[in-house]
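The values are calculated or read from the model by the stated rules, or taken from the named source; none is laboratory data. Quick caveat, the model's predicted, so the values are computed rather than measured. Cβ placement follows ideal geometry from the backbone for every residue including glycine, while neighbour counts extend to all protein chains displayed. In case anyone asks, the SASA skips ligands and DNA or RNA and just uses the protein heavy atoms, side chains included. Shrake-Rupley method; radii C 1.70, N 1.55, O 1.52, S 1.80 Å.
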Amino acid sequence: MKLTKKRMTTAIGMAVGITLLTGAAFASYNTSNGYEIGKTAIKGLMQNENYTAECRVALLLDGENVNTTTFKELYDRNGDVKLNRTDKSETSEAYKHYMGATQYEEYVQDNDKITVYHRADGTEESSVYEGYGEYYNCGTFDLMGVNDNEDDKEMQNKIIRFTELVADTFVGDLKNNIVYVSGDDGSSSYEMNLDAVQIPEVVNAGLSAMFSTINVSNRYLDDEYQDPFMQFGTDPIIKNVSLKFTVDSEGRLTNAEASSTLSGNGHEGTVEFGLKIYDYGTTQPQRVDVSTLKNAETYDMGEKNTEVTIDGEDMTEIVRDEDISDAAEKGFYVDEKGNVLNSNDEIVGNVVINGDGEGVIVYNEQ
């Protein structure tokens, strides 16, 4: 299995400066009451019931493209067809063992989730998760979507409050680096550029802690599976950050481009990020015809769908429903020996019995 978890950890760590500093940037896009409006714009990225979004994230190491991931998402929280998403990840030959190339489409309609995988050999496989709407009912930019569960609402409010405090903490003099670029009655565009001496110390401290942790976890891996960004050592720093963004007349983000360069041990790594969000309130995701799907497997998410035996014991009534659902969502399945396998029949985990006598899936360390 590809080391997706480590790849995402690295990307998130490198982009930490962008994320936090973007909060500061948004906080002053309006000269009159821009701070409060800016915080509303940030929170708006967490709660949108209808939109179309296009996103691109690229990772470069010493000028060479390591990986580029793009996706397009059409989302309608309240529609019978809630989501259309296409996702493609391309990796250079040198890093194919570390992070694999993937391409898939995802649909959520009539309380079902459908995933179409496009394999490297040109074949196509599909998975239909019936009744999955109970588990999956939000878009990338609707993570704080309306929820009737009071506990969930409390959690969401805490996360939003934390985001506001982050913005409060990092605004400071950074707002003076915002430069008005252009605008009209319908939109306003701004940009910000920061060099190494302007990066808050806490950002580099966080990177140091993260890279130290990942270096420890990587020391037992073969060279071909090593995280390429570990070449930066344990104390990399953010060298620069640039940001350009546009908001519409309602204060909603419509376009953002950002980049950040990481430096350490004589190497440089860059994260490039681009995002467009449009058709707020008018997006209509299209229904997929399930009967046309190739090599489709159907999973009933409301029932146990896998029988597992370990040492001759029938695990059907022991394996937890949430574990089976989680494995199926990842495209994994459980064989009769209790092995958890991916689509290439590689073992990625096993079923074990916990202290309560339940069958629990434990994945191999990634």
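Some notes on this structure:
- Any hit, segment 118-129, residues being under 21 Å from Arg77 (Cβ atoms) and either open to solvent by 50 Å² or more (accessible area, probe 1.4 Å) or at pLDDT 70 or above (or both): yes
- Looking only at segment 230-261, residues that are within 27 Å of Lys72 (Cα to Cα) and either aromatic (Phe, Trp, Tyr) or in a strand (DSSP E or B) (or both) come to 17 in all.
- Contact map, segment 218-235: first residue within 18 Å of Thr91 (Cα to Cα) and at pLDDT 70 or above, second residue of a type in the set (Ser, Thr, Tyr) and in a loop (DSSP other than H, G, I, E, B), Cβ cut-off under 9 Å, separation 6 or more or different chains; pairs are Asp227/Tyr98; Pro228/Tyr98.
Every residue, every condition in (1) buried (at least 20 other Cβ atoms within 10 Å of the Cβ); (2) β-branched (Val, Ile, Thr); (3) under 26 Å from Arg287 (Cβ atoms), yes or no:
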{"residue": "Arg56", "(1), (2), (3)": "no, no, no"}
{"residue": "Asp76", "(1), (2), (3)": "yes, no, yes"}
{"residue": "Gly79", "(1), (2), (3)": "no, no, yes"}
{"residue": "Asp87", "(1), (2), (3)": "no, no, yes"}
{"residue": "Asn111", "(1), (2), (3)": "no, no, yes"}
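- If the condition is being open to solvent by 20 Å² or more (accessible area, probe 1.4 Å) and over 15 Å from Gln198 (Cβ atoms), then segment 240-258 contributes Lys244, Thr246, Asp248, Ser249, Glu250, Arg252, Thr254, Asn255, Glu257.
- Every test in (1) open to solvent by 40 Å² or more (accessible area, probe 1.4 Å); (2) at pLDDT below 90; (3) of a type outside the set (Lys, Arg); (4) under 23 Å from Ser208 (Cα atoms) is passed by Asp321 save one, and that test is (4).
- Only one of the numbered conditions (1) assigned to a loop (DSSP other than H, G, I, E, B); (2) small (Gly, Ala, Ser); (3) modelled with pLDDT of 75 or more is violated by Gly302, and that is (3).
- Residue pairs meeting the criteria (Cβ under 8 Å; at least 6 apart or on separate chains; first more than 21 Å from Thr270 (Cβ to Cβ), in segment 195-213; second among the β-branched types (Val, Ile, Thr) and open to solvent by 40 Å² or more (accessible area, probe 1.4 Å)): Ser212/Thr234
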